[in-house]
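See below for the structure under consideration.
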């Protein structure tokens with residue numbers, strides 16, 4: 001059994017894989033939290049994995065805390081993957097392949113493997129990333145922009161008289177309170193950006209790409225999109241499963 005971990009800037013998503021089957025899976029928040037306690041609650045009941053395969057974009061501190069926990073509990077070191085020049089039919093478009101975020105790379109590999117056709121992947125997390133892969137597996141590149149919560153925090157922090165928005169509220173086109181206007185505006189901005197960029201990327205592709213959304217905020221954005229898309233919440237984990245092979 002492999003334990004696959006997708007460590008983002010705020011949370012950890014995980015799944016136990018005995019490919020092609022998946023078993024237990026879950027998610028916990030690591031930002032401003034006791035990592036050891038969160039990990040123990042999530043994983044103490046699991047059998048010792050044969051391998052721990054990780055996509056980590058949250059930095060060295062969280063990597064060190066994971067290393068300590070897995071050594072103490074399983075006498076096992078995590079395998080932190082990095083992006084490669086090519087994998088599973090996809091050719092990395094970056095001149096320095098390892099500088100492409102491993103979460104982006106894993107998501108692209110999974111998306112392309114599912115259809116072997118052109119794909120545009122939008123990952124809606126702390127940052128929003130969009131990447132295009134052509135029908136022949138060539139990664140053409142992509143963009144990074146601020147995610148929904150970052151947009152809200154930037155606007156609220158820049159103006160002292162603005163209210164901190166409540167992200168759990170319903171998205172409103174015609175908001176009548178400042179906090180709601182900030183919260184809703186950021187979701188609409190994310191949706192508009194994704195729709196516009198995906199449309200422009202499609203025009204640059206050799207084949208009309210399938211648009212896939214993943215990431216923690218994808219569900220907030222999808223209802224506002226005016227283009228056809230598919231929601232794949234576990235795309236990074238799927239990519240880790242492919243990239244890790246039989247390890």
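Tell me which of these residue 152 doesn't satisfy, since it passes every other one: (1) touching a strand residue (DSSP E or B) at 6+ places or on another chain (Cβ under 8 Å); (2) over 16 Å from residue 235 (Cβ atoms); (3) buried (at least 17 other Cβ atoms within 10 Å of the Cβ). Every condition holds for residue 152 apart from (1).
Of everything listed in (1) part of a loop (DSSP other than H, G, I, E, B); (2) under 25 Å from residue 245 (Cβ atoms), the single unmet condition for residue 25 is (1).
Only one of these is closer than 30 Å to residue 20 by Cα, modelled with pLDDT of 95 or more and assigned to a strand (DSSP E or B): 143, 213, 237. Name it.
Working: 143 fails: closer than 30 Å to residue 20 by Cα; 237 fails: assigned to a strand (DSSP E or B).
That would be 213, the only listed residue that is closer than 30 Å to residue 20 by Cα, modelled with pLDDT of 95 or more and assigned to a strand (DSSP E or B).
Can you spot a residue in the range 220-231 that is assigned to a helix (DSSP H, G or I), surrounded by fewer than 18 Cβ atoms within 10 Å (Cβ to Cβ), in contact with a strand residue (DSSP E or B) (Cβ under 7 Å, 6 or more places away or on another chain) and in the same structural domain as residue 150 (by TED's automatic domain parsing)? Yes. One residue stands out in the range 197-207 among those that are outside any helix (DSSP H, G or I) and loosely packed, with under 13 Cβ neighbours inside 10 Å: the one that is modelled with the highest pLDDT, namely 207.
Candidates 98, 41: the one that is outside the structural domain of residue 138 (by TED's automatic domain parsing) and over 23 Å from residue 233 (Cβ atoms) is 98.
Scanning the range 32-69 for residues that are touching a helix residue (DSSP H, G or I) at 6+ places or on another chain (Cβ under 7 Å), free of Cβ contacts under 8 Å to residues at least 40 places away in the same chain and surrounded by 13 or more Cβ atoms within 10 Å (Cβ to Cβ) yields 35, 36, 39, 65, 69.
Residue-by-condition table, conditions (1) more than 30 Å from residue 209 (Cβ to Cβ); (2) in contact with a strand residue (DSSP E or B) (Cβ under 7 Å, 6 or more places away or on another chain):
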{"residue": "29", "(1), (2)": "yes, yes"}
{"residue": "42", "(1), (2)": "yes, yes"}
{"residue": "60", "(1), (2)": "yes, no"}
{"residue": "75", "(1), (2)": "yes, no"}
{"residue": "84", "(1), (2)": "no, no"}
{"residue": "90", "(1), (2)": "no, yes"}
{"residue": "99", "(1), (2)": "no, no"}
{"residue": "105", "(1), (2)": "no, no"}
{"residue": "110", "(1), (2)": "no, no"}
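The values are calculated or read from the model by the stated rules, or taken from the named source; none is laboratory data. Please read all numbers here as calculations on a predicted model, not as lab measurements. Virtual Cβ from ideal backbone geometry, glycine too; neighbours counted across all protein chains shown.
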